[in-house]
Amino acid sequence: MVLKETFFLKNMFSNNCAKLIEYVLNEKEGITIISIELGKLIVEYNNTLVSKEQIGFWLDELGFGIIIDPNQEIVEKTKLAAFDLIFKSLNTNSLIRNSDYISEILQLPYDKISRVFSQVTGVKLEKYIILLKIEKIKELLIENEYSLSEIAFIMDYSSVQYFSNQFKNIVGITITKYKENPQKYRRSIDSFII
């Protein structure tokens, strides 16, 4: 019998994640991917050849566990929205705007999103967003296309001094020191998986 199943997945931060899942599952007999997007996979599978549990095992082996807990689903959707906000759209305006954006994407009140995020991860959502901003700043520094003033403006800091101080507080070194050996201080996006 062919069954259709929707899986909500953890840790999908890029299209490469979707490509990896697609590559692995396309090699398995009895399973067809209907659609795949960040955080969501829809498949049809022949339950005489493969089980829902087996699909879950394969996804888990790749690091994309299935979300069952509704609060965990909120956290994963929040991570994806924050990642999109910082890395894709560069819409890093004030926290109020960040909160509006995330609330709109999840269709939930921001105070609930923030509370659930903190309860599940042990990290405040605002802190998580700042960590993502710092990683985007590192990327911009490596690209060397913008001055520090331009980066501060792009990332919505009120001044270069505030931007520099926050960078040093989070990374532990000055921007100048970072630029000397950026690979030493880069973090994998996997390190943002809480």
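The values are calculated or read from the model by the stated rules, or taken from the named source; none is laboratory data. Model, not experiment: these values are computed from the prediction. No Cβ is skipped: glycine too gets one built from the backbone with ideal geometry, and neighbour counts run over all protein chains shown.
General remarks:
- The stretch 158-194, residues that are of a type outside the set (A, V, I, L, M, F, W, C), modelled with pLDDT of 80 or more and in a loop (DSSP other than H, G, I, E, B): Ser158, Ser159, Gly172, Thr174
- Highlighted here would be helices (runs of 4 or more DSSP H) found entirely within the stretch 22-114 that include at least 2 residues which are in contact (Cβ under 8 Å) with a residue 40 or more places away in the chain and in contact with a His (Cβ under 9 Å, 6 or more places away or on another chain), but there are none.
- Of Ser14, Ser94, all but one fail to be over 24 Å from Pro109 (Cα atoms), modelled with pLDDT under 85 and under 21 Å from the mean Cα position of the chain (by Cα); the exception is Ser14.
- Screening Glu61 against (1) of a type outside the set (Lys, Arg); (2) surrounded by 14 or more Cβ atoms within 10 Å (Cβ to Cβ); (3) over 28 Å from Thr174 (Cα atoms) leaves a single unmet condition, (2).
- Residue within the stretch 148-157 that is farther than 20 Å from Ser99 by Cα, out of contact with any strand residue (DSSP E or B) (no Cβ under 8 Å at 6 or more places or on another chain) and either assigned to a loop (DSSP other than H, G, I, E, B) or touching a residue at least 40 places away in the same chain (Cβ under 8 Å) (or both) present: no
- Of all residues in the stretch 129-163, exactly one satisfies the criterion of being of a type in the set (Ser, Thr, Tyr) and crowded, with 17+ Cβ neighbours inside 10 Å, namely Tyr157.
- Residue that is surrounded by the most Cβ atoms within 10 Å (Cβ to Cβ), among those in the stretch 101-128 that are acidic (Asp, Glu) and closer than 21 Å to Phe13 by Cα: Glu126
- Taken over the stretch 164-173, the residue count meeting the criterion of being of a type in the set (S, T, N, Q) and either surrounded by 15 or more Cβ atoms within 10 Å (Cβ to Cβ) or under 18 Å from Ala81 (Cα atoms) (or both) is 2.
- Unique match (being out of contact with any helix residue (DSSP H, G or I) (no Cβ under 6 Å at 6 or more places or on another chain), surrounded by fewer than 17 Cβ atoms within 10 Å (Cβ to Cβ) and at pLDDT below 90) among Glu76, Glu53, Glu37: Glu37
- Residue in the stretch 27-34 that is over 17 Å from the mean Cα position of the chain (by Cα) and modelled with pLDDT under 90 present: no
- From the list Leu125, Leu140, Leu106, the one residue that fits, being touching a helix residue (DSSP H, G or I) at 6+ places or on another chain (Cβ under 6 Å) and farther than 14 Å from Lys79 by Cβ, is Leu140.
- Residues of the stretch 40-50 satisfying the condition of being surrounded by 19 or more Cβ atoms within 10 Å (Cβ to Cβ) and of a type in the set (Val, Ile, Thr): Val43
- Those residues of the stretch 120-147 which are touching a residue at least 40 places away in the same chain (Cβ under 8 Å) and on the phi > 0 side of the Ramachandran plot, in sequence order: Gly122
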